[in-house]
Structures are given as structure tokens and as C-alpha cells.
1. To the nearest 0.05, what FRET efficiency results for Trp55 and Ala295 with a Förster distance of 25 Å applied to their C-beta separation?
2. Could you please state, rounded to a whole Å, how far the C-alpha centre of segment 133-155 is from the C-alpha centre of segment 93-110?
3. Of all the accessible heavy-atom surface of the chain, with the other protein chains kept in place and a 1.4 Å probe, what percent is carbon and sulfur?
4. Over 27 Å between Cα atoms, which of Lys54/Lys189; Lys30/Lys85; Lys70/Lys164; Lys5/Lys111 qualify?
5. Which order, highest average first, do 15-28, 167-180 follow once you tally other Cβ atoms within 10 Å for each residue and take the mean per peptide?
6. With a/c under 1.5 counting as rounded, go ahead and sort segment 37-139 into rounded, prolate or oblate using the C-alpha gyration tensor (a ≥ b ≥ c being the square roots of the eigenvalues; past the cut-off, prolate if a/b is larger than b/c, else oblate).
7. With springs connecting C-alpha atoms under 10 Å apart, model the chain as a Gaussian network and identify which of Gly152, Gly102, Gly236 has the largest mean-square fluctuation.
8. Calculate how many DSSP beta bridges within the chain are antiparallel, expressed in % of all such bridges and rounded to the nearest 5.
Amino acid sequence: MAFPKQVRLVEVGPRDGLQNESTPIATDTKLELIDRLGAAGIRYIEAASFVSPKWVPQMADHREVMTGLKRRDCVTYAALTPNLKGLEAALECGVEEVAVFGAASEAFSQKNINCSVAESLARFEPVLERAREAGVRVRGYVSCVLGCPYEGEIAPAKVAEVSKALYDMGCYEVSLGDTIGTGTPLTAKRMLEAVSRDVPMEKLAAHFHDTYGQAIANLYAVLEEGIAVVDSSVAGLGGCPYAKGASGNVASEDVVYLLNGLGIETGIDLDALAATGTWITQTIGRPNRSKVGVALAAK
Ligand code: HMG
Ligand code: MG
């Protein structure tokens, strides 16, 4: 299969990138990050997470973030909503799109959202129903698609089952998360092969973490299979609070550099994106995990 002509980037830095930071980050810093990402040409930004502040303290200012945004017409600002409580709060803040997040691993589901996979799916049903009523689109995540920190290997058939359940429930897109970054191009392709038998390829997104340095190789492999939506995080920020050892998401700058090299359009200004990566890592005192970002900053 040929590469897609265009790829849509889903920037998860303000949410997935920052959620794991133990030192509180000022709401204004988050707002400036979101604004800079929009100015760099990112068209979809996951801005906040309406989860319990006891579980993920860094996302406790979700209301302030969602209502403080300097909105750009061309940008979709989304938020995670694990249940109806989260969705209602997000709707009050004028969210345009939300995401529910499940897992292909029972143990991870319990650690992350305190319920089984089946219970999580049942919990998402009313979220989708209420979102539909409110005219808000819902994205679905499946975590641990290429391995689980508690269970180890995950069967592609299990990933397909959960992905199909989310899609059938009404998620317009299902993002496949290699939460702990243990996948390789071959396992990524096999998993995608299984999932795309049940969910159309154009409804799937790749959400890869770079813990083992495989994220760009894995992306290349799934782009070749027809994936045209990629989740990434500026400067490779990130990690999951309930996946020990999960390092950052694949860096947005590295993804854009790869896509530029393949002649795939993104509409993103790589220099502005890299400058944003430099700025946020310096501001919060974290290493810049984007090789492209570091190389461009050194020029
Ligand atoms: P629970 O304790 O089972 O929920 O948590 P509960 O319904 O029993 O409520 C307990 C308390 O939480 C109550 O407060 C509720 O009001 C409150 P209390 O009475 O104790 O003061 N509560 C909430 N507060 C704010 N917003 C809400 C909310 N819901 C309940 N929406 C729950 C269940 C899902 C809430 C909890 O487990 C949770 O918040 N988990 C979030 C975990 C998380 O955010 N993980 C990171 C994101 S997932 C990820 O990173 C993976 C991904 O990137 C893909 C990949 O990389 O693979 C998406
Ligand atoms: Mg993630």
C-alpha cells in the first residue's frame, strides 16, 4: 500500500505530554504552549483531561485551561473524559471534541481507570450518548496495544475487539496506543492488520511512545499500511502515570520531519514547532527528546 498524501497530526503534548509531570505547571504556561502549537500550524490539540485530580493532579486545572484558550477557528481543542462527570464538566467549558480511553489489557484498565475493560466500555456508552446529544464528537483510545507493563504481550485479537467495540459505539476514530513503547515495526504491522479487519483503516490513528526508540520506525511501518492520523507530543514530552517506565510520546518535530521527507503534507511549520519544543522544555526544565528539535536549535 502507498503512503497517504496527507497526514493529520493530533498534538497530545499539553495532555499526554504534561500529565505525568510531578511539579505543578502554571496554567498560563499550558495556555501559551497550546497557543504556540496552534500558531505553528497544528490543527488538532488535546488540551486537557477531565479526570480526577486525585488520580492525575497535573490535569486539575482542566477547567481553567479549557476556558482560557485563545481559540483559533482552524484548530480543534479536545479533552479526555473518562466518564459522564468528566464529560459534563468539559461541556460546561465549551469543549468541541472529547476522547474516552480504554485498554486492551485488563490489568492496565484497572490501574488506569479503576475498572475492567468490559466495565469501561459500559461506562463509555452514556458518555457517547450524551456527547451525541450535545453535538460533540468522541475519539476512542485503546492503550497497551503492543504490550502492557503488567501483563506483557497483548494479543492483536484483543486490541481488535476493544477497537471494534469503541468504533461500533460511535467513536469516529480509534487511536491505537503503544503506551509503553515496546512495539517494533513487525508487531505494529501485525496488530494493525488484525484491527483493520474490524475497523476501517481511515478510522484508525497511531499513538506511539518512544521508550525503546522504535516510535519513528513503527510509524513508518504503519504509514505504509495506510495510517493517516498520527498522535505525537512536542519535544517528545510525556509518559503515562499508570504505566511505569513509559517515556515520552513520539516527538511531533520528528514526525513532521519524517513526513516532510516522505513528501506527505501536514501544513505544519517545522521551525515554529521546534521553537515551541525548545521553549516548553526550557520553561518546565525537562530534556528535549526530539532529535530534530535539538538539531534545529543547535543550527
Ligand atoms: P474512581 O475512583 O473509580 O471513580 O476513578 P469514582 O466514580 O468512584 O469517583 C471517585 C472520586 O473521583 C470522586 O470524588 C469523584 O467525584 C471523582 P470524591 O468523592 O472522592 O471527592 N471523579 C472525578 N473528578 C473529576 N473528574 C472526573 C471524575 N470522575 C470521578 N471525571 C476515574 C475513576 C476514571 C475518575 C479515575 O480512575 C481517573 O481519573 N483516572 C484517570 C487516569 C488517567 O488520566 N490516566 C492517564 C490518561 S490515559 C493515557 O495516558 C493513555 C493514552 O495516552 C493512550 C496511550 O498512551 O496508550 C490515552
Ligand atoms: Mg499516551
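1. On the way: r = 37 Å, r/R0 = 1.46.
For R0 = 25 Å, the calculated efficiency reads 0.10.
2. 7 Å
3. Details: 6110 of 12120 Å².
Carbon-and-sulfur percentage of accessible area, whole number: 50.
4. As for pairs spanning more than 27 Å Cα to Cα, those are Lys54/Lys189; Lys70/Lys164; Lys5/Lys111.
5. Values: 15-28: 17.5, 167-180: 22.6.
With the highest mean Cβ count within 10 Å placed first, the list reads 167-180, 15-28.
6. Values: a/c = 1.87, a/b = 1.60, b/c = 1.17.
Here segment 37-139 falls in the prolate category.
7. Largest GNM mean-square fluctuation: Gly152.
8. 10 percent
The values are calculated or read from the model by the stated rules, or taken from the named source; none is laboratory data. Keep in mind that this is a model prediction, so the values were computed, not measured. Every residue, glycine as well, gets a Cβ built from its backbone with ideal geometry; the counts of neighbours run over all protein chains shown. Just so you know, the surface numbers come from the protein's heavy atoms only, side chains and all, with ligands and any DNA or RNA stripped out. Shrake-Rupley method; radii C 1.70, N 1.55, O 1.52, S 1.80 Å.
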